[in-house]
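Below is one structure, written out as structure tokens; comments come after it.
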Amino acid sequence: MIVGPSMLSHLIKQHGLVYPEPIGPITRDSVDLRIGQIMKHSGGATLRTKSRDIGIPDEIQPQDGAWNLEPNQFYMARTVEMVNMPTFLAATGTGRSTMMRSGLIVTMGYIDPGYSGYIHFGIQTPGPLGTQIEFEFPAVQLIFHMAEVVAPYDGKYQGGNMAPK
């Protein structure tokens with residue numbers, strides 16, 4: 001079951017589900033998150049069952065309050081907001097339609113019950129021209145689902161870590 005706006009508002013205000021609190025009232029079945037950091041990922045990774053090397057993305061600093069993304073590149077981004085997932089909720093993320101309508105591809109993962117920290121996501125700029133994105137632009141949205149979990153998330157990225165522990 002997707003969690004609706006009244007329960008989302010309660011969980012945000014009373015239990016810190018998303019913090020800092022999103023700007024404006026929750027009126028839909030999702031919560032918009034803003035971009036707080038962008039890093040250029042130059043590729044190269046070693047993914048093994050017992051070890052991971054996902055590369056080290058280079059942080060890009062915004063100029064005059066915006067990032068200038070080069071065409072045909074892959075970037076990692078981090079939200080301004082953090083989540084504090086209770087054990088009875090999970091979330092899926094997606095890019096807001098404005099990102100798609102602007103020719104950008106947003107990739108996100110599943111957010112496990114019990115996860116706490118920043119949300120990281122990918123931005124790909126497949127077109128021939130660059131893209132400018134303002135700092136704190138609402139780029140992604142989370143859809144929360146009721147979950148039944150035996151054990152909460154305790155994985156390598158707990159706390160919003162970019163690289164595995």
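With respect to being free of Cβ contacts under 8 Å to residues at least 60 places away in the same chain and in contact with a helix residue (DSSP H, G or I) (Cβ under 6 Å, 6 or more places away or on another chain), I60 falls outside the description. A Cβ distance below 6 Å, combined with a sequence gap of six or more or placement on separate chains, defines the contacts here; from region 128-147, residues that are among the charged types (D, E, K, R) reach residues that are assigned to a strand (DSSP E or B) and modelled with pLDDT of 95 or more in the pairs E134/A66; E136/R34; E136/V80. Within region 1-17, the only residue that satisfies the criterion of being of a type in the set (S, T, Y) and crowded, with 17+ Cβ neighbours inside 10 Å is S9. With the structure loaded, tell me whether A66 is aliphatic (A, V, I, L, M), under 13 Å from I35 (Cα atoms) and either free of Cβ contacts under 8 Å to residues at least 40 places away in the same chain or in contact with a helix residue (DSSP H, G or I) (Cβ under 7 Å, 6 or more places away or on another chain) (or both) or whether it fails that test. When the stated conditions are applied, A66 does not pass them. Taken as a whole, the structure leaves Q158 outside the set of residues that are assigned to a strand (DSSP E or B) and of a type in the set (S, T, N, Q).
Out of curiosity, is G95 among the small types (G, A, S) and in contact with a Gly (Cβ under 6 Å, 6 or more places away or on another chain)? Judged against the criteria, G95 is not a match.
With respect to S116, determine if the residue is farther than 22 Å from L47 by Cα and within 15 Å of the chain's Cα centre (by Cα). When the stated conditions are applied, S116 passes them. All of (1) within 18 Å of the chain's Cα centre (by Cα); (2) surrounded by 12 or more Cβ atoms within 10 Å (Cβ to Cβ); (3) in contact (Cβ under 8 Å) with a residue 40 or more places away in the chain hold for M100 with one exception: (3).
Considering region 1-33 alone, what residues qualify as being in contact with a strand residue (DSSP E or B) (Cβ under 6 Å, 6 or more places away or on another chain) and among the acidic types (D, E)? Once the filter is applied, which keeps residues that are in contact with a strand residue (DSSP E or B) (Cβ under 6 Å, 6 or more places away or on another chain) and among the acidic types (D, E), region 1-33 yields D29, D32.
The values are calculated or read from the model by the stated rules, or taken from the named source; none is laboratory data. The model shown is predicted, which means the values in this text are computed figures rather than measured ones. In this analysis, Cβ positions are derived from the backbone assuming ideal geometry, glycine residues included, and neighbour counts consider all displayed protein chains.
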